[in-house]
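The values are calculated or read from the model by the stated rules, or taken from the named source; none is laboratory data. If you're wondering where the values come from, they're calculated on a predicted model, not measured in any experiment. Note that each Cβ is placed from the backbone with ideal geometry, even for glycine, and that neighbours are counted across all protein chains shown. Accessible surface is based on the protein model in full, side chains and every heavy atom, while ligands, DNA and RNA are left aside. Shrake-Rupley method; radii C 1.70, N 1.55, O 1.52, S 1.80 Å.
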Amino acid sequence: MCDLLFKQKEATIWFAATVVLSLALNTVIKAIIGRERPDIHRLAAFANEAGKSFPSGHSIFATIIFGSIFFICLGKLKNRSSKILLGILCIILIALIMFSRIFVGVHYPSDTIGGFLEGISILLLTYPTYIKYQEKSKKTN
């Protein structure tokens with residue numbers, strides 16, 4: 001993945017832009033919604049988890065990271081079954097992170113779903129621009 005990111009200027013810029021955009025959007029939404037974290041059934045190691053609950057930042061960033069990996073690799077993989085396998089693997093990893101945030105007691109299920117939807121929205125809104133610049137770069141090389 002790192003090799004793909006650093007050899008493709010467009011992929012690196014797109015990935016960085018989605019991370020920055022998701023961080024900014026997550027901060028604004030948390031401030032607006034202001035939902036407190038659950039205070040029952042929290043594992044001891046997470047008893048003092050700071051910040052607001054909605055949307056889950058871990059869910060957003062898992063979606064951004066694994067979603068970006070999927071979309072960047074999508075154009076590189078030739079085999080349809082490899083694309084499907086990568087997609088399933090990315091979805092499983094995102095779901096595990098979402099579940100872990102609920103399991104440790106620092107988020108409600110709606111927090112993780114909201115984070116996932118925010119991450120997917122950012123990816124789907126920015127992906128066409130990434131493809132446009134990637135194609136433009138191929139034409140000039």
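Taking the stated definitions as given, is N79 at pLDDT 90 or above and in contact with a Pro (Cβ under 8 Å, 6 or more places away or on another chain)?
Taking the combined requirement at face value, the residue does not satisfy it.
Just checking, which of I29, I64 is in contact with a Pro (Cβ under 7 Å, 6 or more places away or on another chain) and either loosely packed, with under 12 Cβ neighbours inside 10 Å or in a helix (DSSP H, G or I) (or both)?
Criteria check complete, one pass: I29.
Criterion first (among the polar types (S, T, N, Q) and either modelled with pLDDT under 95 or surrounded by 20 or more Cβ atoms within 10 Å (Cβ to Cβ) (or both)) does S53 satisfy it?
Answer is yes for this residue.
Scan the stretch 40-60 and give yes if some residue there is closer than 22 Å to A11 by Cβ and touching a residue at least 40 places away in the same chain (Cβ under 8 Å), otherwise no.
Yes - at least one qualifying residue is present in the stretch 40-60.
Between L85, L117, L96, L123, which is open to solvent by 70 Å² or more (accessible area, probe 1.4 Å) and within 18 Å of L23 (Cβ to Cβ)?
The match here is L117.
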